[in-house]
Amino acid sequence: MSSHPSIPRPEDEAARLEALRRYGTLDSAADPDFDFLAEMAAVVCDVPYAFISLVDADRVWFKSAFGTQAQQMPRDDDYCSWAILEDRGLHIPNLTADARTAYSPLTISEPHYQMYCGANLITSDGYRIGTLCVMDTQMRALSGQQVRLLTRLASQVMALIELRAKDRELSAALSVMQKLATYDDLTGLLNRRALLARLQEEVDRARRIVHPLSIIMLDLDHFKQINDSHGHLAGDVVLHGVGKFLRERLRVTDSAGRYGGEEICLILPGTSLDDATAVAEKLRQALATAEFVTSGGSIAATASFGVVAGQPGPNLNPGDLLAAADDAMYSAKKNGRNRVEAGEEI
């Protein structure tokens with residue numbers, strides 16, 4: 001008895017694999033729309049098994065499998081690896097009589113397939129990345145109409161693969177646009193518009209569930225001197241580093257945004273004035289020992305902090321909180337910088 005042959009690779013294998021992977025379909029989650037198309041193929045061809053198969057470098061992975069729980073097969077053991085060598089697909093009514101498939105593990109052992117028909121999934125630029133295939137454990141030839149319908153269903157599978165890829169691209173683009181609209185690209189913190197919106201949300205929440213709300217306003221000390229001495233690029237490195245420094249130290253419930261220039265506002269929901277002041281002092285001490293590495297060497301930076309808290313009530317509003325925090329921060333600067341000043345509760 002002969003062993004089944006190793007299956008040749010297409011001449012365009014490298015480009016074909018690149019085309020396959022650009023769709024991002026391999027190892028993706030189950031999708032009922034693909035399952036429906038596989039089931040339709042089985043019904044149209046009156047067979048118990050149907051697969052949407054993607055031929056990867058060393059395996060054939062099933063986006064959908066009708067009639068079995070199989071998820072993938074070694075590439076050299078799967079009939080679809082032969083199908084993609086043909087222009088449109090492959091129809092073998094008797095697998096035991098074809099030298100390519102007679103000794104395949106799927107033919108000579110469970111489930112003992114006897115018939116195979118695969119219509120190729122062809123990309124818009126002409127690469128055969130897999131098949132919509134049907135199989136039976138009985139020897140039989142599909143009718144010409146069944147093969148034509150299977151080929152048309154394969155075109156629908158390919159259109160769905162392309163649609164899902166476009167959906168992912170659109171989702172990624174929307175995510176980037178949302179990030180650009182929400183975050184300051186230098187510090188990675190909320191931009192001013194998003195910060196003010198978040199503060200309004202937290203004020204509304206504080207009124208609704210009756211809990212305190214504190215904000216901290218901090219401004220980097222002598223930042224103009226950093227720009228003048230080391231250049232604006234170094235100043236940008238410091239701002240970026242401060243943004244990262246703050247993101248790593250705040251709670252997930254807190255928010256931080258770039259209020260303007262080198263002025264940053266922190267929103268601390270459910271936090272009293274005393275607790276917020278303690279947070280500000282810890283941040284001040286940690287920042288004073290941090291160093292930011294630029295192309296011209298390490299730069300140290302300090303900041304002046306102003307802290308205020310608002311008690312929930314109908315008169316609590318973002319404008320008053322920001323003005324009071326700004327006043328407290330300027331008091332810190334006036335009283336020597338690199339310090340924390342707490343204002344009165346509002």
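Considering only residues of the stretch 127-185 that are among the β-branched types (Val, Ile, Thr) and under 20 Å from the mean Cα position of the chain (by Cα), which is nearest to Cys80 (Cα to Cα)?
Residues of the stretch 127-185 among the β-branched types (Val, Ile, Thr): 129, 131, 134, 137, 147, 151, 157, 161, 176, 182.
With the extra rule that they be under 20 Å from the mean Cα position of the chain (by Cα), the set shrinks to 161, 176, 182.
On the way: Ile161: 18, Val176: 38, Thr182: 47 Å.
Here the residue is Ile161.
Working only within the stretch 299-329, note down all residues that are without any contact (Cβ under 8 Å) to a residue 60 or more places away in the chain and surrounded by fewer than 19 Cβ atoms within 10 Å (Cβ to Cβ).
Restricting attention to the stretch 299-329, the residues satisfying the condition of being without any contact (Cβ under 8 Å) to a residue 60 or more places away in the chain are 300, 315, 319-320, 323-324, 327.
Of everything in the stretch 299-329, those that are without any contact (Cβ under 8 Å) to a residue 60 or more places away in the chain and surrounded by fewer than 19 Cβ atoms within 10 Å (Cβ to Cβ) turn out to be Ala300, Asn315, Gly319, Asp320, Ala323, Asp327.
Here are the criteria: (1) touching a residue at least 12 places away in the same chain (Cβ under 8 Å); (2) of a type in the set (A, V, I, L, M, F, W, C); (3) not in a loop (DSSP other than H, G, I, E, B). Tell me which single one Ala197 does not satisfy.
Looking at each condition in turn, Ala197 falls short on (1).
Condition test on Asp46, is it in contact (Cβ under 8 Å) with a residue 40 or more places away in the chain and in contact with a Pro (Cβ under 6 Å, 6 or more places away or on another chain)? Break it down into steps so the answer makes sense when it comes.
Values: in contact (Cβ under 8 Å) with a residue 40 or more places away in the chain: yes; in contact with a Pro (Cβ under 6 Å, 6 or more places away or on another chain): no.
No.
Which residue, of Asp12, Asp31, Asp76, is touching a residue at least 60 places away in the same chain (Cβ under 8 Å), surrounded by 15 or more Cβ atoms within 10 Å (Cβ to Cβ) and farther than 27 Å from Gln146 by Cβ? Don't jump to the end; show me each part of the working.
Working: Asp12 fails: surrounded by 15 or more Cβ atoms within 10 Å (Cβ to Cβ); Asp31 fails: farther than 27 Å from Gln146 by Cβ.
After applying the criteria, what remains is Asp76.
Only one of (1) on the phi < 0 side of the Ramachandran plot; (2) surrounded by fewer than 18 Cβ atoms within 10 Å (Cβ to Cβ); (3) part of a loop (DSSP other than H, G, I, E, B) is not met by Gln285, so which one is it?
Failed condition: (3).
Applying the selection to the stretch 261-271, what residues are in contact with a strand residue (DSSP E or B) (Cβ under 6 Å, 6 or more places away or on another chain), part of a loop (DSSP other than H, G, I, E, B) and either free of Cβ contacts under 8 Å to residues at least 40 places away in the same chain or under 16 Å from Ala309 (Cα atoms) (or both)?
Thr271
Among the numbered conditions (1) closer than 30 Å to Cys117 by Cα; (2) crowded, with 21+ Cβ neighbours inside 10 Å; (3) not β-branched (Val, Ile, Thr), tell me where Ser143 comes up short.
It is condition (2) that Ser143 fails.
Mind listing whichever residues of the stretch 207-238 are more than 21 Å from Ala301 (Cα to Cα) and surrounded by 22 or more Cβ atoms within 10 Å (Cβ to Cβ)? Before the answer, list the steps.
Step one: list which residues in the stretch 207-238 are more than 21 Å from Ala301 (Cα to Cα), which gives 207-215.
Listed by number, the residues that qualify are Leu213, Ser214, Ile215.
Have a look at Thr151, Thr187 and point out the one that is hydroxyl-bearing (Ser, Thr, Tyr) and either surrounded by 19 or more Cβ atoms within 10 Å (Cβ to Cβ) or in contact with a Ser or Thr (Cβ under 7 Å, 6 or more places away or on another chain) (or both).
Working: Thr151 fails: either surrounded by 19 or more Cβ atoms within 10 Å (Cβ to Cβ) or in contact with a Ser or Thr (Cβ under 7 Å, 6 or more places away or on another chain) (or both).
So the residue among Thr151, Thr187 that is hydroxyl-bearing (Ser, Thr, Tyr) and either surrounded by 19 or more Cβ atoms within 10 Å (Cβ to Cβ) or in contact with a Ser or Thr (Cβ under 7 Å, 6 or more places away or on another chain) (or both) is Thr187.
Taking only the stretch 237-275 into account, find how many residues are at pLDDT below 95 and acidic (Asp, Glu).
The qualifying residues number 1.
Restricting to the stretch 49-73, and then to whatever is more than 24 Å from Asp12 (Cα to Cα) and free of Cβ contacts under 8 Å to residues at least 24 places away in the same chain, can you tell me which residue is surrounded by the most Cβ atoms within 10 Å (Cβ to Cβ)?
It comes out as Ala70.
Within the stretch 28-51, how many residues are more than 17 Å from Asp167 (Cα to Cα) and under 30 Å from the mean Cα position of the chain (by Cα)? Break it down stepwise before answering.
First, pick out the residues of the stretch 28-51 that are more than 17 Å from Asp167 (Cα to Cα): 35-51.
Narrowing further to those that are under 30 Å from the mean Cα position of the chain (by Cα): 35-38, 51.
Number satisfying all stated conditions: 5.
Which number in (1) among the charged types (D, E, K, R); (2) in contact with an Asp or Glu (Cβ under 7 Å, 6 or more places away or on another chain); (3) part of a loop (DSSP other than H, G, I, E, B) marks the one condition that Arg258 misses?
(3)
The values are calculated or read from the model by the stated rules, or taken from the named source; none is laboratory data. Here the structure is a predicted model, which means the values were calculated and not measured. Every residue, glycine among them, receives a Cβ derived from its backbone with ideal geometry; neighbour counts consider all protein chains shown.
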